[in-house]
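Notes follow the structure.
The values are calculated or read from the model by the stated rules, or taken from the named source; none is laboratory data. Given the structure is predicted, the values throughout are model-derived calculations rather than measurements. When we count neighbours, we look across all protein chains shown, and the Cβ atoms used for this are built from the backbone with ideal geometry, even at glycine. These area figures cover heavy atoms from the full protein model, side chains too; ligands, DNA and RNA do not enter into them. Shrake-Rupley method; radii C 1.70, N 1.55, O 1.52, S 1.80 Å.
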Amino acid sequence: MNFLFLTALKAEANPLIESYGLIKDPDTHLYTGENISLMVTGVGKPKTESRIQSLFSQYSDFKDTVVINIGIAGGNPNETNVGELYRVNAIYDEDTGQSFFPDILLKHSLIELSLVTVSKGITENRDIYRGLVDMEGSAIFQLLSKQVPPHRLVFLKVVSDHMDVSDWKTLDVTGLIAGHVDTIRSIIVGFEFGDLSDRIILSEEEMDFLNLGMVRLKLTETQQVQLLDYSENYKKRSGDGLEFLNPFFTKAPKSKQERNMIFEQIRQSLSA
Amino acid sequence: MSRSDNPFLPDFSHIYVETGAKSYALANQCLTRFPKAEVVEVPDYKSIFNRPGQDFQTQKKSVKLILAVKKPPFIYKSTDILQDGGFKNFYYNTPILNCLYNCDYCFLQGMYPSANVVVFVNQEDMQSAVEMEMDKRPYPDDPLMLSISYNTDLLTFENILPMTRTWIKYAKTQPDLHLEVRTKSALFSAIQDIEYTQQVLLAWTLSPDKVVKGNEYDTPPLDRRISALKSAMAKGWKVRLCFDSVLVYPGWKVDYLKFLDLIKSEIDGDRIFDVTVGVFRMGQDYFQHIRKSKPESNIYYQPYENKDGVVTIPQVERKSVEEFIRKNLDGFISQERIHFWI
């Protein structure tokens, strides 16, 4: 299982960079370690959207990645304590009215709250906001949920204030996150134990092998889909690999007839 | 794995309540039943149930509950895949979407994008729709047969929400309404205090032990289902036996012969209302949807044929199932009371 942290501020990222010994890649600006990566998205939805779009060209291993957005948030004074870490179970976008729901399947020890994502810092009418308030959550969910199922999207927020701060520079952002690194680590361990990776039947190597065969045999689109189906059926039923198909892929057919004949032989071999 | 080792939250750890559902009595009953659940308000149940990218089988490890208000249609005409059991006015409705069980061959995993359970809290609206449909049913001399457990296993929920009880009570007020309650549950005990009625058909799906253990996850074992249906018969209820899906695999006849011998030794065939038999079948869209999710089950990786948009086992195997079941039920129940989807 891989983990990808997203933080809005470098100050939020620092405790995680230090704890996991992450190193910055000068080309991608991603901080990486053994199975942990981190990206600083910037503050607000537009910056976040732009950085996540660029992430898609830099990071491709989403099928077994848990995305964790961690950062500070404003909190409703009646529902939250400053300095406490909360798990988000619903995200409402104030601008669009859309709502998003991460699946929370694994046990955890945090109090759950909803999160409202806003475009501007809250300076008045703070009591109308229930739970937590941030400026990135909905954008992260909306974009990352195209790559990652909702049970691998995690939103963690440390309440930095009750929406009553006039000078943001007075906040000890790094200190607020640093106080919860152990809890964040325990959540990651929970995901390792739960194993929520995408299920696969054909390995990447087998997919590459079949793709090469498809190209060499110039299979039609229908035949390509059928070849994948037959291969999956064969592997599920027999548990064996597909190396025995290699002789079929060595020579390019000279005609459609020859191609179809070879394909029929493959079909029969995979049905056996 | 002990309970403390299981990293997953228990089922119904979260209850998502549609804003419009909050004021319904059934919603409050659910929330009271699960006082420790995290309650999350949602504007529309589809905003959580229909999210893209959900993983049905992973969600099955920690199923959530969604409370919603059903919008029309409240009642549906039978489909070709659903067995009507000889009833001319055959309909179904959806008091609940999804099931607490997780059978390999179940179409629900292809039909719905989510494994979470939706309970519709406005059951009265469904009952009003039933009354309207009864007035215009195509065969007015026959009752309207309503399957209330088509997209769920309603009796499984009876200790959580007494919905089967509610529908049986309602049927008793409507002489032209008959109900089919299809189940794999052993929970007849939850409704055994209700006086039986000829309007309600309790239909138990039964399978050999090997199929129960290997393909019908989280369901009660065969002996408990048999015990439940025998209790129902003893109390006078009409009982249907459903052998559906009969699974064909190497050695299936040995397992099903033993199974049918057990049925014949335990149950009085003369007192059974009827038997329905079906093989594995599924609409091709559902089948493909399930395949794309790469389920663990081998069922989705067998050679099938497509019969007018329905994926099913080859005809020669379907015929073999029919002949096998007919032969081995001979003398147990009259042939005209065995209905096949073959």
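What separates the Cα centres of the stretch A:13-42 and the stretch B:215-235 is a distance of 55 Å.
What percent antiparallel are the DSSP beta bridges of chain A, to the nearest 5? Write down the numbers at each step before the final one.
Values: 11 of 39 bridges.
If I count the DSSP bridges inside chain A, around 30 percent turn out antiparallel.
Taking the Kirkwood radius as the inverse of the mean 1/r across Cα pairs, report the Rg/Rh of the stretch A:186-229.
Rg/Rh for the stretch A:186-229 comes to 1.29.
Annotation for the stretch A:90-176: GluC sites (Glu not before Pro) lying in DSSP loop with at most 10 further Cβ atoms inside 10 Å of their Cβ are A:Glu124.
Contact with the other protein chains removes 50 Å² or more of accessible area, compared with the isolated chain and a 1.4 Å probe, from these residues of the stretch A:186-202: A:Phe193, A:Arg199.
Short version: what are the Cα gyration tensor semi-axes of the stretch B:87-194, square root of 5 times each eigenvalue, largest first, in whole Å? Provide the component values of the computation, followed by the final result.
Working: eigenvalues 112, 56, 33 Å².
Over the Cα atoms of the stretch B:87-194, the ellipsoid semi-axes are 24, 17, 13 Å.
These residues, B:Phe56, A:Phe56, go from largest to smallest accessible area, 1.4 Å probe, as A:Phe56, B:Phe56.
Within the listed set A:Ser99, A:Ser57, A:Ser203, the residue fluctuating most in the Gaussian network model of chain A (springs between alpha-carbon atoms under 10 angstrom) is A:Ser203.
In straight Cα distance, which lysines are under 16 Å from B:Lys70, not counting same-chain residues fewer than 8 positions off? Qualifying lysines at Cα under 16 Å: B:Lys22, B:Lys46.
In whole percents, the pair-distance distribution calculated for chain B from its alpha-carbon pairs, binned every 10 Å from zero, is 5, 24, 34, 27, 9, 1. Here the stretch B:279-324 is described by how far its Cα atoms reach on the three principal axes: 34, 23, 13 Å, from widest to narrowest.
When you count, for each residue, the other Cβ atoms within 10 Å and take the mean per peptide, how do B:315-321, B:89-95, B:329-335, B:164-170 rank with the highest first?
Values: B:315-321: 16.0, B:89-95: 22.3, B:329-335: 14.3, B:164-170: 19.3.
Most protected by this proxy first, the peptides run B:89-95, B:164-170, B:315-321, B:329-335.
State which entries of B:Lys60/B:Lys264; A:Lys120/A:Lys169; B:Lys77/B:Lys172 exceed 28 angstrom in Cα-Cα distance in the structure shown. Spell out each step's value before the answer.
Values: B:Lys60/B:Lys264 35 Å; A:Lys120/A:Lys169 16 Å; B:Lys77/B:Lys172 22 Å.
Exceeds cut-off: B:Lys60/B:Lys264.
In whole percent, and with a 1.4 Å probe on the protein chains, what portion of the accessible area of the protein assembly as shown is carbon and sulfur? Walk me through the intermediate numbers first.
Working: 13530 of 27040 Å².
Ligands and nucleic acids excluded, carbon and sulfur reach 50 percent.
Using θ = phi - 60° in the Karplus curve 6.51 cos²θ - 1.76 cosθ + 1.60, the 3J(HN,Hα) couplings for the stretch A:48-58 round to 4, 4, 5, 5, 5, 4, 5, 4, 4, 8, 9 Hz; x is entered for Gly and Pro. Inter-chain neighbour count for B:14-21: the average number of beta-carbon atoms from partner chains within 10 Å of each residue's beta-carbon is 1.
If you sort A:Asp167, A:Asp93 by accessible surface, 1.4 Å probe, largest first, the order is A:Asp167, A:Asp93. Taking Cα centre as origin and charging only the Cβ of basic (Lys, Arg, +1) and acidic (Asp, Glu, -1) residues, the dipole magnitude of chain A rounds to 1040 debye.
Roughly how crowded by other chains is peptide A:93-105, in terms of the mean Cβ count from those chains within 10 Å of each of its Cβ atoms?
Other-chain Cβ atoms within 10 Å of each residue's Cβ, averaged: 4.
Taking the DSSP beta bridges with both ends in the stretch B:203-342, the antiparallel portion is around 30 percent.
By the Kirkwood approach, averaging reciprocal distances over each pair of separate Cα atoms, the protein assembly as shown gets a hydrodynamic radius of 27.4 Å. Note on A:Ser197: accessible area approximately 30 square angstrom, rounded to 10, probe 1.4 Å, nucleic acids and ligands left out. About the centre of its Cα atoms, the protein assembly as shown shows a dipole size close to 1220 debye [charges on the beta carbon of Lys, Arg (+1) and Asp, Glu (-1) only; nearest 20 debye]. Only beta bridges with both residues in the protein assembly as shown are counted; by DSSP, about 25 percent of them are antiparallel. Annotation: per residue accessible area for the protein assembly as shown equals 44 Å², rounded to a whole number [probe 1.4 Å, protein chains only].
Once all protein chains are placed together, B:Cys103 keeps about 10 Å² accessible to a 1.4 angstrom probe.
Absence of a disulfide-compatible partner, taken as no other cysteine beta carbon within less than 4.7 angstrom, is noted in chain B for B:Cys30, B:Cys99, B:Cys242.
The peptide list B:176-187, B:123-134, put in order of mean Cβ contacts within 10 Å with the highest first, becomes B:176-187, B:123-134.
Measuring spread by the Cα atoms of the stretch A:204-271 yields a radius of gyration and Dmax of 11.1, 33 Å.
Of the GluC sites (Glu not before Pro) found in the stretch A:5-58, those that fall in a DSSP loop while having at most 12 other beta-carbon atoms within 10 Å are A:Glu34.
With all projection directions averaged, the alpha carbon convex hull of the stretch A:2-194 covers 10.1 nm². Note on B:Val39: accessible area approximately 80 square angstrom, rounded to 10, probe 1.4 Å, nucleic acids and ligands left out. Panel note: contact residues of the stretch A:224-244 (accessible area lowered by at least 40 Å² against the chain on its own; 1.4 Å probe) correspond to A:Glu232, A:Asn233, A:Lys236, A:Arg237. Think of it as helices only: each DSSP H run of n ≥ 4 in the protein assembly as shown is worth -39500 (n - 2.57), and spread over all residues that comes to -10000 deg cm²/dmol at 222 nm.
Of B:Ser245, A:Ser238, which has the most accessible area and how do the rest follow, probe 1.4 Å? Kindly include the intermediate steps, with their values, before the conclusion.
Numbers: B:Ser245 10, A:Ser238 50 Å².
The ordering from most to least exposed comes out as A:Ser238, B:Ser245.
Go through the stretch A:209-238 and name the trypsin sites (Lys or Arg not before Pro) that are in a DSSP coil and have 14 or fewer other Cβ atoms within 10 Å of their Cβ.
Working: sites: A:Arg216, A:Lys218, A:Lys235, A:Lys236, A:Arg237; in loops: A:Lys218.
Filter output for the stretch A:209-238: A:Lys218.
Residues of B:59-65, mean number of Cβ from any other protein chain within 10 Å of their own Cβ, rounded to a whole number? All intermediate terms of the calculation are to be shown ahead of the outcome.
Numbers: counts 5, 1, 5, 7, 1, 4, 0.
Shielding by partners across B:59-65 averages 3.
For B:Glu180, the residues whose modelled amide H falls within less than 5 Å of its own, excluding neighbours fewer than 5 places apart on the same chain, are B:Leu146, B:Ser147, B:Ile148, B:Leu201.
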